[in-house]
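Data first, discussion second: the structure below is written as C-alpha cells.
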Amino acid sequence: IVIWDALTSEKVARWPSNHIGAPRWLEHSPAEAAFVSCGTDRSVRFWKEIL
C-alpha cells in the first residue's frame, strides 16, 4: 500500500498490505491518521499511524 501526496505526486509512505490477495479498497478516516483496507482474500485491515 502506497500513500501519495496529491499536490506534489511524491510518495509519502509505503506499507506491506498484509493481504493474501490484492488490496481492493481503501477508506481513510477524516478524523485521524488512519484507514481501512479490504482485500480479495476477504480480509479487512485497520491501519493507524502511531506518533
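Values quoted throughout were computed directly from the atomic coordinates according to the rules given, and no laboratory measurement underlies them. Everything numeric here is computed off the predicted structure, so don't read it as measured data. Cβ placement follows ideal geometry from the backbone for every residue including glycine, while neighbour counts extend to all protein chains displayed.
Looking at the range 1-21, I want the residues that are hydroxyl-bearing (Ser, Thr, Tyr) and have a partner that is part of a loop (DSSP other than H, G, I, E, B) with Cβ atoms under 9 Å, at least 6 apart or on another chain. Which pairs are those?
17/1
I need a count of the residues in the range 1-48 that are within 11 Å of the chain's Cα centre (by Cα), loosely packed, with under 10 Cβ neighbours inside 10 Å and assigned to a loop (DSSP other than H, G, I, E, B).
1
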